[in-house]
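**Q** Attaching a single structure in structure tokens format; questions to follow.
What follows draws every value from the coordinates through simple rules; no lab data is involved. In this text the structure is predicted, and so the values were computed from the model without any measurement. Ideal geometry is used to build each Cβ from the backbone, glycine not excepted, and the neighbour counts take in all protein chains shown.
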Amino acid sequence: MENSDSLILQVAIDTPLRRVFDYLPPPVTATPAGVADPPRPQPGIRVRIPFGHSTKLGVVVAVTDRSDVPRAKLRRAYELIDHEPLFDPVGFDLLRWAADYYHHPIGEVFAAALPVALRAGRSAQAHPVEWEPTALGLAETGSPSDRRAPHQRALLAHLQAHGPRPTAELVAVFDAAIVRAAATRGWIRERPRSTLPAGVPPGAAPRLRSSPIELSEAQRLAVAAIVESAGRFAVHLLHGVTGSGKTEVYLRAIATLIGARGQALVLVPEISLTPQLVERFQDRFDSAPAILHSGLAAGERLEAWRRARSGEARIVIGTRSAVFAPLPWLALIIVDEEHDPSYKQHEGFRYSARDLAVMRAQRANVGIVLGSATPSLESLENATQGRYRKLTLPERPGAARAARMHLVDLRRHAVDHGFSQPAIAAISTHLAAGAQVIVFQNRRGYAPTLYCAACGWVATCAHCDARLTLHRHPAGLRCHHCGAQRAPASHCEACGRDLHPVGHGTERIEETLVRLFPGHAIARLDRDTVATRGAIDALLARVRRGDARILVGTQMLTKGHDFPEIGLVVILDADQGLFATDYRAAERLAQTIIQVAGRAGRGARPGEVLIQTEFPDHPLLRLLIDAGYEAFATQALAERREARWPPFARLALLRADAKDPARVDAFLHAAARLGHATPGAAGGVVLLGPASALIARRADRHRAHLLIEAENRSTLQRFLGEWLPRVENLPAPHGLRWSLDVDPLEVD
Ligand code: ADP
Ligand code: ZN
């Protein structure tokens, strides 16, 4: 190897700065005695470095021989941590590409991709068995007069005396917390035991257990099309109505495509809400998939990540950030419910896991399946343009039939606490016939408004431009935007008269159901009833066993649940989304209606769906009910084209907030001026705003944004590349935060 001292490491560090940092490689003496094969400087490995007055971990993104910083000023890294890059080459390139595309600080991008345990310095190797002192640790033992952290020092001395020791021994002699603390300090590290195997992954090829299910013709064609594209990039848009057996298609395609040496990545919107999908993968394959999601303990997540990287896990199922999992033998990607908004990260590094999955498949030259009963409009447009290949599952297999949908005109029927007479009658009929019933209301709490009929006073949040929601259990007025709480008032603050709850949240709907249908057990699914993973599992199990006869809930109900005994779905209020200002509101409403409706009639029992509305003639609703999702989507796409919204334009949103509205305004105006003066803006870019956010004040911060609209992706990228560095150089007013959102889901 060349003299590593001429090398410079470009390191991505978890800071909000949009740059990499240059370091000299660690001194050769940083290699502890007894390690025969020290780590080499190379892209993709972690490195421990001095940063300001602290020590941080970073990821080497490039190794070069030049730097803009004079050599004498460069600091030296303390130690290299990994023997091999953490990521497979495609996964590594994807991260660098994503930092560019989303114009996000690269250190934060790498941090988002790594399990917490790896950010804290744990080993990336599967099944590490031994610990050894690091260079930092050895330096510490050289200053025995220091009396801080005596237990960790004792641990260091133990390792120095006895050589690398297994975890079990250290935990027994010292304590797991002490081992962890010493590792976090960077005094000890796990000793790599093996290197990444070349060629074939070590995990056995998972086999699909035989099943009585015989594929329908449409399923068979879909599997064949996916399998046929083996070894090259192809996007399959699998549009299958709810309950049409998409999961079965995934299982068979995976079984065939991963064969003797491949890996499959399966992305799902939310694992806790759909334990069934994971169970089906576990039941049907003879080897366990690795599961990656944010609800895991740090150790479990690290273990799943290591199994993905080592190839022991041949199937990896995960949420959003699993798109960054290391998969050296990737052969197929599945994105289930590709339309789901939770694929988009809403803060920090605002990426779309669905879009990045497509990019990853392209770079890895593998197929990808985007599955949904309600595909996003951009994916449908991509299919129309021939970029995606559309596969359709038009009906449910076996005896199950799509549920019939009816609109109930709320103006023509008496309404009892949110329930129209036809809805009450239908619920009675279905319950009497032994079916289960779902009631959908996308509002949690008891009532969204507390109101004084005498003077018009309304309970509002002291910190937000928003009303407080009344809750009964536990009782209180809560702000759903900032979390503020106060005791429920019974008298008007303005005139002292009685206050009235107005509108219906799920709590109140449940109360009404108890009164209307006594003797029928009710389960409520919203963020207040299922705060923990265990609570979700217990509640879903109650519904599946049939112990609960009525299930009332919010958006959480839309997530792919498969309950065969649901006969009726009632959507209490379709109107919330009808007149919303956001360009995507209609699409969301249609997806919500179709997804909730899709919970009915999944077994042998025919299903029925009632949708309550005050606008039964609304063209969007009519089209959706009479002609179906695809007809709706065609119409909605035509409107988007007309209005030049995505996918017929590309957006980015510069958001800013501060306690002082004048600062937000000044900053965004300055950014807009820079934008108009940016050469890229001359062709095909329009800046709109600044405009206030829908909730202009949240948690005492004033929020506004500037919308950038470009005719296509490359125009937008060119503009952002020129403009953003100038925005960064604007003098940042005190206390102001800003962020850029490329391809925002909401213009707010
Ligand atoms: P989706 O994912 O499209 O909503 P699922 O894959 O959950 O649908 O399938 C719905 C139900 O239909 C499941 O219980 C599944 O076992 C069953 N199923 C799938 N394919 C078939 C088939 N070809 N024949 C009979 N039942 C099937
Ligand atoms: Zn608030």
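**Q** If you plug each phi of the stretch 265-274 into the Karplus form 6.51 cos²θ - 1.76 cosθ + 1.60 with θ = phi - 60°, what whole-Hz ³J(HN,Hα) values come out, in order, with x for Gly and Pro?
**A** 10, 10, 9, 10, x, 8, 6, 4, 7, 10
**Q** Report the Cα centroid-to-centroid distance between the stretch 408-446 and the stretch 290-356 in angstrom, as an integer.
**A** Cα centroid of the stretch 408-446 versus Cα centroid of the stretch 290-356: 39 Å apart.
**Q** If you don't mind, there's one more thing I want to ask. Take the Cβ-Cβ distance between Arg96 and Val514 as r, set R0 to 56 Å, and report the resulting FRET efficiency rounded to the nearest 0.05. It would help to have the intermediate numbers written out before the result.
**A** Values: r = 56 Å, r/R0 = 1.00.
The value I calculate is 0.50.
**Q** For the chain, what is the calculated [θ] at 222 nm in deg cm²/dmol (nearest 500), taking -39500 (n - 2.57) for each run of four or more DSSP H residues and dividing by its residue count?
**A** Details: 21 runs with 235 residues, N = 748.
Calculated mean residue ellipticity at 222 nm is -9500 deg cm²/dmol.
**Q** A further question follows. Compute the angle between helix 150-162 and the longest alpha-carbon principal axis of the chain, please, reported from 0 to 90 degrees and rounded to the nearest 10.
**A** 60
**Q** Under the rule of at least 5 residues apart or a separate chain, name every residue whose amide H is placed under 5 Å from the amide H of Arg75.
**A** Leu24
**Q** Within 10 Å of each candidate Cβ there may be at most 11 other Cβ atoms; applying that plus a DSSP loop requirement, which GluC sites (Glu not before Pro) in the stretch 272-372 survive?
**A** On the way: sites: Glu279, Glu300, Glu303, Glu312, Glu337, Glu338, Glu347; in loops: Glu312, Glu337, Glu338, Glu347.
Here the sparse-neighbourhood loop sites are Glu347.
**Q** How would you rank Ser490, Ser379, Ser211, Ser352, going from fewest to most other Cβ atoms within 10 Å of each one's own Cβ? Working shown, then result.
**A** Working: Ser490 8, Ser379 24, Ser211 11, Ser352 21.
Arranged by neighbour count, lowest to highest, Ser490, Ser379, Ser211, Ser352 become Ser490, Ser211, Ser352, Ser379.
**Q** In units of 2.2 N^0.38 Å, what is the alpha-carbon radius of gyration of the chain? Walk me through the numbers on the way to the answer.
**A** Working: Rg = 28.4 Å, N = 748, 2.2 N^0.38 = 27.2 Å.
For the chain, the normalised Cα radius of gyration is 1.04.
**Q** Please list, ordered by chain and number, the residues whose modelled amide H lies under 5 Å from the amide H of Val569; skip anything fewer than 5 residues away on the same chain.
**A** Long-range HN contacts for Val569: Ile438, Glu608, Val609, Leu610.
**Q** Tell me, how many Å apart are the Cα centres for the stretch 149-193 and for the stretch 60-113?
**A** 29
**Q** For the stretch 583-673, run through the GluC sites (Glu not before Pro) and keep only the ones in DSSP coil with at most 14 other Cβ atoms within 10 Å of their Cβ.
**A** Values: sites: Glu587, Glu608, Glu614, Glu630, Glu639, Glu642; in loops: Glu614.
Filter output for the stretch 583-673: Glu614.
**Q** Extension gain Leu694-Val63, at 0.36 nm per residue separation less the Cα-Cα distance, in nm? All intermediate terms of the calculation are to be shown ahead of the outcome.
**A** Working: separation 631, 0.36 × 631 = 227.16 nm, distance 4.59 nm.
Full extension of this stretch gives 222.6 nm more.
**Q** What full-extension length gain, to one decimal in nm, is calculated for Gln42 and Thr449 as 0.36 nm per residue of separation minus the Cα-Cα distance? Before the final figure, lay out the partial values.
**A** Details: separation 407, 0.36 × 407 = 146.52 nm, distance 5.86 nm.
Gain in length upon complete extension: 140.7 nm.
**Q** Zone of Asp617 (label point 7 Å along Cα→Cβ, backbone N under 15 Å): which residues in the stretch 623-667?
**A** Of the residues in the stretch 623-667, 623 have backbone N under 15 Å from the label point off Asp617.
**Q** Between the stretch 478-528 and the stretch 646-711, what's the alpha-carbon centroid distance in Å?
**A** A separation of 37 Å, based on Cα centres.
**Q** Tell me, what ³J(HN,Hα) does each residue in the stretch 101-117 have, in order and in whole Hz, if you take phi through Karplus 6.51 cos²θ - 1.76 cosθ + 1.60 with θ = phi - 60° and put x for Gly and Pro?
**A** Listing the rounded values in order: 5, 8, 6, 10, x, 5, x, 5, 5, 5, 4, 5, 8, 9, x, 3, 4 Hz.
**Q** Need the list of lysines near Lys73 for cross-linking: C-alpha distance under 28 angstrom, and skip anything on the same chain fewer than eight residues off.
**A** Lys56
**Q** Restricting to DSSP loop positions (anything but H, G, I, E, B) with no more than 15 other Cβ atoms inside 10 Å of their own Cβ, which trypsin sites (Lys or Arg not before Pro) remain in the stretch 448-510? All intermediate terms of the calculation are to be shown ahead of the outcome.
**A** Working: sites: Arg467, Arg472, Arg478, Arg486, Arg497, Arg508; in loops: Arg497.
Qualifying residues, ordered by number: Arg497.
**Q** Long-range amide H contacts for Gly367: which residues qualify at under 5 Å (H placed 1.01 Å from N, peptide plane, sequence gap of 5 or more or a different chain)?
**A** Amide H to amide H, under 5 Å and 5 or more residues apart or across chains, Gly367 pairs with Gly231, Arg232, Ala234, Ile333.
**Q** Only bridges with both residues in the chain count here: give the DSSP antiparallel percent, nearest 5.
**A** Taking every DSSP beta bridge with both residues in the chain, the antiparallel ones total about 55 percent.
**Q** Using the structure shown, list the pairs from Lys344/Lys390; Lys390/Lys559; Lys246/Lys559 with a Cα-Cα distance above 18 Å, or answer none. Walk me through the intermediate numbers first.
**A** Details: Lys344/Lys390 23 Å; Lys390/Lys559 22 Å; Lys246/Lys559 14 Å.
Check vs 18 Å cut-off fails for Lys344/Lys390; Lys390/Lys559.
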